[in-house]
Structure formats: structure tokens, C-alpha cells
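Notes follow the structure.
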């Protein structure tokens with residue numbers, strides 16, 4: 001895909017104006033009430049939301065009783081480097097924030113436990129759960145049938161996969177991956193997006209077309225750099241992350257949602273923590289805290305009515 005020099009220079013100038021925190025995408029698998037097309041101006045606001053939606057949460061005895069005996073603290077792993085609502089830093093460069101962080105902290109308050117937060121690469125979190133290095137992961141993990149074979153989940157939002165591209169692209173709504181044949185598709189390493197793309201390359205060869213090229217990046221900010229500089233033709237990532245990025249930079253557009261997924265806290269298979277976490281999420285839904293968190297991050301379109309433990313992958 002070729003881009004006129006003047007247009008590309010404009011894109012790169014816009015790209016350079018955006019802080020690194022707003023270039024990253026959440027690495028997993030996102031719904032939102034955000035804009036659905038590129039904005040025609042620079043960032044509306046790059047300020048990360050700071051509304052306190054957690055401190056007023058109280059311990060719920062019924063939920064806390066579901067914890068295994070003796071559990072007083074847990075270690076959660078998060079992948080840092082997402083645009084809001086993904087996990088990122090506040091301006092102090094030390095305080096972690098994001099939708100997953102708020103949900104994890106709120107659940108900990110309901111259960112009356114302390115939470116130790118550790119950073120890890122997205123692709124490293126799920127394998128580390130089985131070793132006991134972390135008690136659970138909170139990084140927008142999409143619930144898939146493949147992951148359910150080795151991981152237990154407790155759902156807290158409904159999210160999914162989507163596409164974005166440069167505004168000058170002829171691509172519109174992507175309803176079939178065959179539309180991507182011959183293109184360079186940028187996405188995050190170890191994500192549901194990479195798995196989906198790799199599993200479906202055959203649609204191009206079956207149609208007698210050149211397969212699309214899957215470009216994976218461990219540092220998510222490189223995804224947008226690749227798109228803006230013309231090395232990639234389209235980005236596949238979370239719906240919420242894509243919509244946020246599109247709203248904060250010139251020359252790009254959100255294409256469409258592709259596949260919805262439930263998103264949940266991730267645990268090692270056979271965990272004895274799931275029922276307590278499920279009860280805590282449902283308590284947050286019932287007392288209104290849940291909706292406050294979604295409103296803070298602009299993701300009310302991702303709301304669920306009740307938490308589930310390792311539900312089957314959504315087929316849509």
C-alpha cells in the first residue's frame with residue numbers, strides 16, 4: 001500500500017506529537033463507547049483519567065468467606081504499556097493505572113486482601129501462572145477455548161478484536177480475513193490477535209491469493225509506528241485500545257469490531273480462588289462500583305451483567 005509523501009509526513013508529525021503512553025495498545029483481546037472514525041485534529045486530551053473509583057469499596061464478608069483459609073494477600077501480574085483503558089503510568093512515572101488495575105484493586109477491597117502488583121510481559125504472564133510465580137493475571141485476557149485448556153478465568157468485561165488503519169486506506173469494514181490477503185497486518189506478540197491471524201492464513205491460499213503477512217511486536221508502541229510509517233497496512237488489536245488511539249491521533253481510522261470475547265482475570269487451572277473472585281465481581285456490579293469503573297475509562301459498551309467462571313468462547 002502506497003501513501004503520498006505529503007500525507008505520510010503529516011501522519012508522522014501527528015505521531016510525534018503523541019506521548020508514548022498513548023501509542024501503546026492493550027495486548028489482548030476490547031468494546032467501547034468511543035469514536036468510530038479518525039478525528040481531524042490533534043489529541044482531544046492525553047490526560048489519563050484519575051477519578052478515584054476504588055477507595056470507597058468495602059469488604060464483603062460473604063465474598064471473603066469464599067477465599068481459601070489463610071489467604072491474606074495475592075500477587076497480580078499486569079502488562080504495562082497500554083493506552084487507556086490499558087495499564088499505563090500516571091504522570092509521576094510510578095503509579096500504575098488502567099481499567100484492569102481498577103478492577104483488580106476493587107476486587108481486593110471486596111475480599112479484604114492486600115494486593116501486590118508486579119509487571120510482566122504480556123506473553124509471559126499466562127505461562128507463569130502454572131509455576132505459582134503470580135496468583136493471577138489482569139491484562140485484558142480474552143477467554144478462548146484454547147486458553148481454557150490450561151487457564152481458569154473469572155470474567156469482568158466483554159471485549160474483543162478489531163481493526164484500524166490509516167485514513168487514506170481503501171479498507172473499510174473487515175468482515176472476512178480474506179480481505180487482508182497480500183497486506184501487512186501488525187499486532188501484538190502472544191495475543192489472541194496473533195493466534196487468529198496465524199490460524200486463518202489458509203483463507204488466502206484457498207482463494208488463490210497471496211497470504212497476508214503477520215507482523216508481531218512485543219513493544220506495542222511499535223505497532224502504531226509501523227502503521228504510520230507505512231510498513232504495515234492495518235492493525236489488529238483490542239476494540240477499546242484502537243478507538244482510544246484513533247481518537248488521539250490524526251490520519252488513522254477505526255474499521256470495525258471483528259470478534260467479541262469475554263475478558264477475565266486469569267488463574268492457573270484448577271484454582272481455588274475463582275468462586276471468591278466471581279462473587280467479588282458480582283458484588284461490584286450490584287453496588288454500582290462496576291459501572292463507575294467503566295464510566296471512568298469510557299468502556300460502558302463492555303459491560304456484563306454477571307461474572308462467569310471460564311465460560312465457552314463467544315462465537316460471533
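The values are calculated or read from the model by the stated rules, or taken from the named source; none is laboratory data. Worth saying up front: this structure is predicted, and the values here are computed from it rather than measured. A quick note on method: Cβ atoms are made from the backbone with ideal geometry, for glycine too, and the neighbour counts reach across all protein chains shown.
In segment 224-240, is there at least one residue being within 25 Å of residue 52 (Cβ to Cβ), crowded, with 23+ Cβ neighbours inside 10 Å and modelled with pLDDT under 95? First the steps, then the outcome.
Applying the first criterion (within 25 Å of residue 52 (Cβ to Cβ)) to segment 224-240 yields 238, 240.
Okay, now just the ones that are also crowded, with 23+ Cβ neighbours inside 10 Å, so 238, 240.
So of that shortlist, the ones also modelled with pLDDT under 95 come out as 238, 240.
There is at least one residue in segment 224-240 that is within 25 Å of residue 52 (Cβ to Cβ), crowded, with 23+ Cβ neighbours inside 10 Å and modelled with pLDDT under 95.
Which ones in segment 118-142 are surrounded by fewer than 16 Cβ atoms within 10 Å (Cβ to Cβ) and either within 21 Å of the chain's Cα centre (by Cα) or in a loop (DSSP other than H, G, I, E, B) (or both)? Can you show your working first?
At the first step, the residues of segment 118-142 found to be surrounded by fewer than 16 Cβ atoms within 10 Å (Cβ to Cβ) are 118-119, 124, 127, 130-133.
Scanning segment 118-142 gives 118, 119, 124, 127, 132, 133.
Output the residues belonging to segment 209-225 that are under 13 Å from residue 179 (Cα atoms) and assigned to a loop (DSSP other than H, G, I, E, B). Steps first, answer last, please.
First, the residues of segment 209-225 that are under 13 Å from residue 179 (Cα atoms): 209-213.
Correct list: 209, 210, 211, 212.
Regarding residue 264, is this residue crowded, with 21+ Cβ neighbours inside 10 Å, in a helix (DSSP H, G or I) and within 15 Å of the chain's Cα centre (by Cα)? Reasoning before the result, please.
Values: crowded, with 21+ Cβ neighbours inside 10 Å: yes; in a helix (DSSP H, G or I): no; within 15 Å of the chain's Cα centre (by Cα): yes.
So residue 264 does not fit the description; no.
Residues to consider are 165, 191; find the one that is touching a helix residue (DSSP H, G or I) at 6+ places or on another chain (Cβ under 8 Å) and under 25 Å from residue 121 (Cβ atoms). Don't jump to the end; show me each part of the working.
Working: 165 fails: under 25 Å from residue 121 (Cβ atoms).
Going through 165, 191 in turn, the sole match is 191.
Is it the case, given these coordinates, that residue 96 is touching a helix residue (DSSP H, G or I) at 6+ places or on another chain (Cβ under 8 Å) and either surrounded by fewer than 22 Cβ atoms within 10 Å (Cβ to Cβ) or within 23 Å of residue 267 (Cβ to Cβ) (or both)? Let's see the steps before the verdict.
Numbers: touching a helix residue (DSSP H, G or I) at 6+ places or on another chain (Cβ under 8 Å): no; either surrounded by fewer than 22 Cβ atoms within 10 Å (Cβ to Cβ) or within 23 Å of residue 267 (Cβ to Cβ) (or both): yes.
So residue 96 fails the test.
Any residue in segment 291-301 that is buried (at least 18 other Cβ atoms within 10 Å of the Cβ), in contact with a helix residue (DSSP H, G or I) (Cβ under 9 Å, 6 or more places away or on another chain) and not in a helix (DSSP H, G or I)?
Yes, segment 291-301 contains a residue that is buried (at least 18 other Cβ atoms within 10 Å of the Cβ), in contact with a helix residue (DSSP H, G or I) (Cβ under 9 Å, 6 or more places away or on another chain) and not in a helix (DSSP H, G or I).
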